[in-house]
1. Checking the structure you have, find out if any residue of segment 237-249 is touching a residue at least 60 places away in the same chain (Cβ under 8 Å) and under 20 Å from GLU280 (Cβ atoms).
2. Among LEU436, LEU472, which is the only one that is in contact (Cβ under 8 Å) with a residue 12 or more places away in the chain, in contact with a Leu (Cβ under 8 Å, 6 or more places away or on another chain), closer than 29 Å to SER325 by Cβ and not in a helix (DSSP H, G or I)?
3. Name the residue, out of GLU486, GLU385, GLU455, that is open to solvent by 10 Å² or more (accessible area, probe 1.4 Å) and within 22 Å of LEU328 (Cβ to Cβ).
4. State yes or no: is LEU235 modelled with pLDDT of 95 or more, closer than 28 Å to ILE327 by Cα and not in a loop (DSSP other than H, G, I, E, B)?
5. Can you tell me how many residues in segment 298-312 are farther than 17 Å from LEU474 by Cα and either β-branched (Val, Ile, Thr) or open to solvent by 10 Å² or more (accessible area, probe 1.4 Å) (or both)?
6. Looking at segment 426-444 only, could you name the residues that are more than 23 Å from ALA316 (Cα to Cα) and open to solvent by less than 10 Å² (accessible area, probe 1.4 Å)?
7. For segment 229-276, how many residues meet the condition of being of a type in the set (Val, Ile, Thr) and more than 21 Å from GLY509 (Cα to Cα)?
8. Where residues in segment 497-536 are over 23 Å from the mean Cα position of the chain (by Cα) and in the same structural domain as ASN471 (by TED's automatic domain parsing), which of them is least open to solvent (accessible area, probe 1.4 Å)?
Amino acid sequence: MASRPQLAPVLRRLGRAPAHLRRPAALQQSVSLPTRCFSSSRPRFFQRTAVVAKSTNFTTETYPDIKRDSRFAQLTPEHVDYFRGLLGSESAVIDGVTKHEAADDIEPFNSDWMGKYRGRCQLVLKPGSTDEVSKILKYCNDNMLAVVPQGGNTGLVGGSVPVFDEIVVNMGRMNRIIDFDEVSGTLVADAGCILESADQFLASKGYIFPLDLAAKGSCHIGGNLATNAGGLRLLRYGSLHGTVLGIEAVLADGTVVDDLCKLRKNNTGYDLKQLFIGAEGTIGIITKVSILCPQRPQAQNVAFFGLESFEQVQLAFRAAKGQLSEILSAFELMDEGSQALVRQVTKNPSPLEGRYPFYCLIETSGSNADHDGEKLQSFLEDVMEKGIVADGTLAQDETQVKSLWAWREDITESLSHLGGTYKYDVSIPLKEMYQLVEDTRARVDAAGLLGDSDEFPVRAVVGYGHMGDANLHLNVATRRFDERVEKVLEPFIYEWIAERQGSISAEHGLGLMKKKYIGYSRNPTMIGLMKNIKNTFDPKGILNPYKYL
């Protein structure tokens with residue numbers, strides 16, 4: 001155990017500027033774009049080119065058991081003419097039905113950014129208003145044309161891309177900030193607003209969007225609601241079920257649901273907006289959002305430290321909650337495997353001198369930099385004196401804040417440079433949160449699939465995530481997608497989670513990937529009620545078919 005005098009050199013090093021934390025050349029894209037104050041790092045732009053998308057297998061080839069619903073009509077030139085007449089602008093309709101040369105323009109809408117799912121859509125529509133969304137859906141419903149609502153297409157479970165030839169309704173043109181109340185902090189915006197853009201607007205008013213995540217440079221706030229995104233600071237600001245005040249949405253038959261309430265209290269009848277949050281576009285398309293935004297913190301501190309065991313991670317988390325309480329805004333966990341992959345791709349030296357089994361990043365946000373800094377330093381002294389934390393570093397300015405956060409946020413992008421990734425975003429009781437990583441790694445290794453050479457499909461099994469929310473990101477990094485790997489992983493992972501009463505989907509929803517596994521987290525009664533809701537809102541089943549339920 002370290003004595004207080006022995007801590008002095010360590011804390012001086014904590015205060016030293018980590019000048020060696022540089023951004024990797026491979027990750028420098030769009031760095032000239034303005035980034036908002038108190039963003040954890042630069043925004044990520046998860047978009048795919050037609051060339052990359054074409055290298056992805058069709059979903060119907062990967063999952064041959066999924067069959068096209070024979071009730072849905074095939075697109076015809078007459079259908080395209082209607083939509084072109086409705087939307088007017090040539091750029092609002094990408095037509096691959098009558099113009100085969102448009103295939104390359106459609107491909108990025110057909111495929112997810114991970115290269116795992118790819119549909120056969122031939123028509124992309126980009127409405128510019130709620131009225132246009134309403135007319136699109138009414139026509140599709142009347143003519144039995146299946147539709148996939150799409151935002152920034154940054155999801156992980158195949159929920160925002162077509163499976164067969166569904167029409168993609170992309171919300172990117174509906175991107176206005178409609179209203180902001182500087183007293184209450186209530187923002188009203190179109191669903192197609194990019195999260196980063198909405199937050200930059202709020203920054204100019206002294207407020208912050210209550211959601212922050214790595215894909216903020218590409219994701220739409222409507223898509224965030226549709227997947228009930230959690231993000232990096234749910235620990236501080238709570239979930240969208242609490243911060244969203246109202247929505248406007250369009251049902252499958254074109255009915256506009258106007259529940260764009262701006263009040264925190266509105267106890268008049270069923271709170272129907274909650275049904276659309278996390279529904280993944282299966283019961284309606286969200287077109288506008290009213291959300292309560294907190295005032296922007298005036299001071300931010302970030303510490304990054306290494307720990308020798310997951311037991312010590314839990315002790316550090318408990319100490320942080322007790323000692324930092326009202327200013328604690330994030331507590332992120334990363335294992336050495338995930339950090340090794342970031343070092344491999346970025347070529348950056350670690351912020352710490354040694355290697356540790358686990359790393360944590362703590363962020364505090366408050367109104368008084370001196371007060372918050374003193375609390376954080378006192379916390380660090382305490383956990384290091386007790387032997388809970390082995391080593392650490394503390395950011396001194398916003399540049400260093402971004403640099404330290406990059407060791408957490410660069411994990412996803414680093415994995416994408418190394419091949420395919422099987423991603424599982426799950427919730428597990430905190431004490432057993434990392435055990436799933438260890439058990440999965442052991443299972444993959446026992447199957448002879450894990451190794452350092454190209455003969456092994458699996459490169460690494462790593463874990464990281466939001467310790468404050470008991471939300472684990474289990475990632476199985478592969479050199480290539482391999483059916484043998486998927487059979488080893490599923491349903492083992494879902495069974496493991498079900499035994500511990502966890503959730504198979506913490507943030508990103510069910511989509512196509514987890515549809516058939518919903519029973520591991522929901523009982524038959526709950527699933528039956530969900531199907532009743534789906535049938536009530538979308539009786540013909542045209543909205544985002546083949547997914548969710």
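1. Yes.
2. Within the list LEU436, LEU472, the selection yields LEU472.
3. GLU385
4. Criteria not met by LEU235.
5. 8
6. Matches in segment 426-444: THR440, VAL444.
7. Residues meeting the conditions: 4.
8. Across segment 497-536, the extreme among qualifying residues is ARG500.
The values are calculated or read from the model by the stated rules, or taken from the named source; none is laboratory data. None of the values given here were measured: they were computed from a predicted structure. Note that we place each Cβ from the backbone using ideal geometry, even for glycine, and neighbour counts take in every protein chain shown. Note: accessible area is taken over every heavy atom of the protein model, side chains too, but ligands, DNA and RNA are not part of it. Shrake-Rupley method; radii C 1.70, N 1.55, O 1.52, S 1.80 Å.
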